[in-house]
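Enquirer: Let me give you the structure first, and then I'll get to my questions.
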Amino acid sequence: VGQYIGHTAPKTKEVLKQALGGVLFIDEAYYLYKPDNERDYGAEAIEILLQVMENQRQDLVVIFAGYKDRMDKFYESNPGLSSRVTNHVDFPDYTSEELLAIAKLMLQEQQYQLSPDADRVLLEYINRRMTQPHFANARSIRNAIDRSRMRQANRIFAQTGKVLTKSDLVTIESEDILKSRLFAS
């Protein structure tokens, strides 16, 4: 989407040209439609996209992705969208156990590990976080892991005079998670 009048059409056409013969994946597609913004040029991009989806449908697969409630409003914003996009796939949110497994994989990729107690505390964190506003599945977990690693680094730095082992340097302890605002109450 362009930033000024006349900028959107060429940008959109160029992206579509590059995608022909393949797949165009538009994540958080609902951001193309902002009815409250008078300087929103997303509607122009949608119109061009619809033309190409209709006239060159054999040459292009378009995938619109995003949160279900926002995507439903996005499809309602333009009758042409809902009539051309007939296949919808809803992916359920991860379970807390799946998110814990994802967290462990993220930590493992960074050569970190959870202490046994931190494993239990992180699962409790995940269960609490899932009930909070703006929960974003694995993205929220990645952010929590990053903050836990920062708290772990601060904890280690504060331990002046202690000889550190490799295990000390790569292990997230329960206290590194418990210092989250979610446990502040």
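The values are calculated or read from the model by the stated rules, or taken from the named source; none is laboratory data. In this text, all values refer to a predicted model and were calculated from it rather than measured experimentally. Every residue, glycine as well, gets a Cβ built from its backbone with ideal geometry; the counts of neighbours run over all protein chains shown. For the accessible areas, the whole protein counts, side chains as well, though only heavy atoms, and no ligand, DNA or RNA atoms are used. Shrake-Rupley method; radii C 1.70, N 1.55, O 1.52, S 1.80 Å.
Enquirer: Compute the semi-axes of the equivalent ellipsoid of the chain, taking the square root of 5 times each eigenvalue of the Cα gyration tensor, and list them largest first in whole Å. Before the final figure, lay out each step's value.
Expert: On the way: eigenvalues 399, 60, 53 Å².
Those come to 45, 17, 16 Å.
Enquirer: Still on this structure, I have one more. Are there any trypsin sites (Lys or Arg not before Pro) in the stretch 26-124 that are in a DSSP loop and have at most 11 other Cβ atoms within 10 Å? List them by number.
Expert: Numbers: sites: Arg39, Arg57, Lys68, Arg70, Lys73, Arg84, Lys104, Arg120; in loops: Arg39.
Hits after loop and neighbour filter: Arg39.
Enquirer: Okay, next question. Once you compute Rg and the Kirkwood Rh from C-alpha atoms, what is the Rg to Rh ratio for the stretch 93-185?
Expert: On the way: Rg = 13.2 Å, Rh = 13.5 Å.
Rounded to two decimals, Rg/Rh equals 0.98.
Enquirer: Can you pull the one-decimal nm distance between simple spin-label points at Ser83 and Arg120, each 7 Å off the Cα toward Cβ?
Expert: 6.0
Enquirer: Moving on. Using a 10 Å cut-off on Cβ atoms, rank the peptides 44-51, 58-65 from the highest mean neighbour count down. Present the calculation step by step, with values, prior to reporting the outcome.
Expert: On the way: 44-51: 18.9, 58-65: 13.6.
My ranking of the peptides, most packed first, is 44-51, 58-65.
Enquirer: Just from its helices, what would the mean residue ellipticity at 222 nm be for the chain, if runs of 4 or more DSSP H residues each count -39500 (n - 2.57) and the sum is divided by every residue, rounded to the nearest 500 deg cm²/dmol?
Expert: Helix contribution divided over all residues of the chain: -16500 deg cm²/dmol.
Enquirer: Tell me the angle of helix 42-55 to the major Cα principal axis of the chain, expressed in degrees between 0 and 90 and rounded to the nearest ten.
Expert: Helix 42-55 and the main axis of the chain meet at about 60 degrees.
Enquirer: Could you tally the net charge around Ile156, taking each other residue with its Cβ under 14 Å from the Cβ of Ile156, Lys/Arg +1 and Asp/Glu -1? Intermediate results must be reported in sequence, preceding the final value.
Expert: Working: positive: Arg149, Arg151, Arg155, Lys162, Lys166, Lys179; negative: Asp168, Glu173, Glu175, Asp176.
Once all neighbours under 14 Å are counted, the net charge is +2.
Enquirer: Also: Helix 138-158 versus the longest principal axis of the chain: what angle, 0 to 90°, nearest 10, using Cα atoms?
Expert: In the chain, helix 138-158 runs at an angle near 30 degrees to the longest axis.
Enquirer: Around Asp168, under 10 Å between beta carbons, what's the net of Lys plus Arg minus Asp minus Glu among the other residues?
Expert: Numbers: positive: Arg155, Lys162, Lys166; negative: Glu173.
Computed value for this residue: +2.
Enquirer: Here is a further query. Just to verify a number: what accessible area does Met71 come out at with the full protein assembly present, 1.4 Å probe, Å² rounded to tens?
Expert: My reading of the accessible area for Met71 is about 10 Å².
Enquirer: Give the lysines reachable from Lys73 as a straight Cα distance under 20 Å; neighbours fewer than 8 places away on the same chain don't count.
Expert: In chain and number order, the partners are Lys34.
Enquirer: In degrees, nearest 10, range 0 to 90: what is the angle between the Cα axis of helix 116-129 and the longest Cα principal axis of the chain?
Expert: 40
Enquirer: Now for a different question. Leaving out same-chain residues fewer than 8 places away, which aspartates and glutamates sit with a Cα under 19 Å from that of Lys104?
Expert: Asp93, Asp117, Asp119, Glu124, Asp146, Asp168, Glu173, Glu175, Asp176
Enquirer: Next up: About its Cα centre, how strong a charge dipole does the stretch 30-174 have in debye, to the nearest 20, once Lys and Arg get +1 and Asp and Glu get -1 at the Cβ? Before the final figure, lay out each step's value.
Expert: Details: 19 positive and 21 negative charges, 155 e Å.
Value, rounded to 20: 740 debye.
Enquirer: To continue, here is another question. What residues qualify as long-range amide H neighbours of Ile172, i.e. H under 5 Å apart, gap of 5 or more or another chain, H built at 1.01 Å from N?
Expert: Those lying under 5 Å, H to H, from Ile172 are Gln113, Leu114, Ser115.
Enquirer: Here's another thing I want to ask about it. If amide hydrogens are placed 1.01 Å from N in the peptide plane, which non-local residues have theirs closer than 5 Å to the one on Leu24?
Expert: Here the answer is Val61, Val62, Ile63, since their amide H atoms fall under 5 Å of that of Leu24.
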